[in-house]
Amino acid sequence: MALVLVSCGDDKPATKAAEPAPAAPVFQKKSPAFNADSAYIFVEKQVGFGHRFPGSKGHKACADWMQKTFELYADKVYNQEGEAKNWDGKTIKLRNIIASFNPDAKERIMISAHWDSRPYADHDPEPGNHNTPILAADDGGSGIAVMLEMARAMAVSKPSIGVDFVCFDAEDLGKPDYEDSYCLGSQYWARKPHVPDYKARYAVNLDMVGAKGARFVWEGFSVRNAENVLRKIWDLGVQMGYSNYYFYYQGGAITDDHYYVTKLRGIPAVDIIHFSESTPSGFPAHWHTLGDNMAVIDRQTLKAVGEPLLEVIYREQP
């Protein structure tokens, strides 16, 4: 009876206006702009030198250009030349290039990529191409292009922490049956860094970071050695609108340049590398084929890697 009286009465209780839902926090960007067109041109320039494996004509021309370009932006550029034994026992000459911002700062972040190209397309679908050099637009060119564009942005507005861009040579000469035959430039640098007793908070290696539709998952050694760094990059990547590139699940462990940075230098390092579920190798279909050319490069992918990485750096405090 009481329920009926209350619900059918003439007096209606005053209604309270609905409070607006709290606004989603606005993303506060702290880093300078990353220009995708500029990054694309940096890939194009490298490919324009042709093949860039040690001993080739394009190798020297590209190295000279990279050094001069980094000198336009960075506070200091180191040119590290050395020798290493190739898988076939032959001695090769290699050249690592290191561009530093705030070189006197003790607290540092290291970003790396390899710049050499593979001298044989041994995964090309056409067997007759297996001894043909590749142009390596993605597998080599893209990582260097992202670093160059990051350096260009940093020249406009410097970070508060020290940053080193390390361009490793002779990463892609190896053969699967020969242990430690890949990543010769990073092995050399890790044993003889460009400055004595070099240290960094962490390192981020970029490999195949420019192809359309690239997917990045958590690489095995990266999870083991620097999961907090992975999460930092992935979280910012998603917050900045790149959730279709960054995936929170673990892939296999890959022996890439980051592996030797941790093993031989003791620096926690992660690898941002294109993962593919549709190929037996787990790498994109153009990997180690003649198809690794400018046709696979996508501006948006370059930005999806470079922009969050810049933001990570500008959020670091000394």
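What the table shows:
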{"item": "Degrees between helix 36-48 axis and first principal axis of the chain (Cα, 0 to 90, nearest 10)", "result": "20"}
{"item": "Theoretical gain in end-to-end length, Lys90 to Gln239 [0.36 nm per residue, Cα-Cα removed]", "result": "48.9 nm"}
{"item": "Protection-proxy order for peptides 162-172, 183-193, 243-253, each taking the mean of Cβ atoms within 10 Å per residue, highest first", "result": "162-172, 183-193, 243-253"}
{"item": "Cα gyration tensor category, rounded, prolate or oblate, for segment 31-315 with a/c compared to 1.5", "result": "rounded"}
{"item": "Electrostatic dipole magnitude of the chain [Cβ: Lys, Arg +1; Asp, Glu -1; Cα centre; debye, to 20]", "result": "820"}
{"item": "Mean residue ellipticity (222 nm) of the chain, computed from DSSP H runs ≥ 4 via -39,500 (n - 2.57), nearest 500", "result": "-10500 deg cm²/dmol"}
{"item": "Additional length obtainable on full extension of the chain from Gln300 to Gln28, 0.36 nm per residue less Cα span", "result": "95.8 nm"}
{"item": "Segment 30-135: Rg to Rh, with Rh as the Kirkwood radius over Cα pairs", "result": "1.03"}
{"item": "Where only C-alpha atoms are counted, convex hull volume of segment 232-318 per residue in Å³", "result": "134"}
{"item": "Per-residue HN-Hα couplings for segment 275-292 [Karplus 6.51, -1.76, 1.60; θ = phi - 60°; Hz; x = Gly/Pro]", "result": "10, 10, 7, 9, 10, x, 6, x, 9, x, 4, 7, 4, 6, 10, 5, x, 7"}
{"item": "Long-range HN-HN contacts of Ala269 with modeled amide H, under 5 Å", "result": "Ala203"}
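Every number here is computed from the coordinates shown, using simple stated rules; none is lab data. None of these values were measured; they are calculated from a predicted model. Ideal geometry is used to build each Cβ from the backbone, glycine not excepted, and the neighbour counts take in all protein chains shown.
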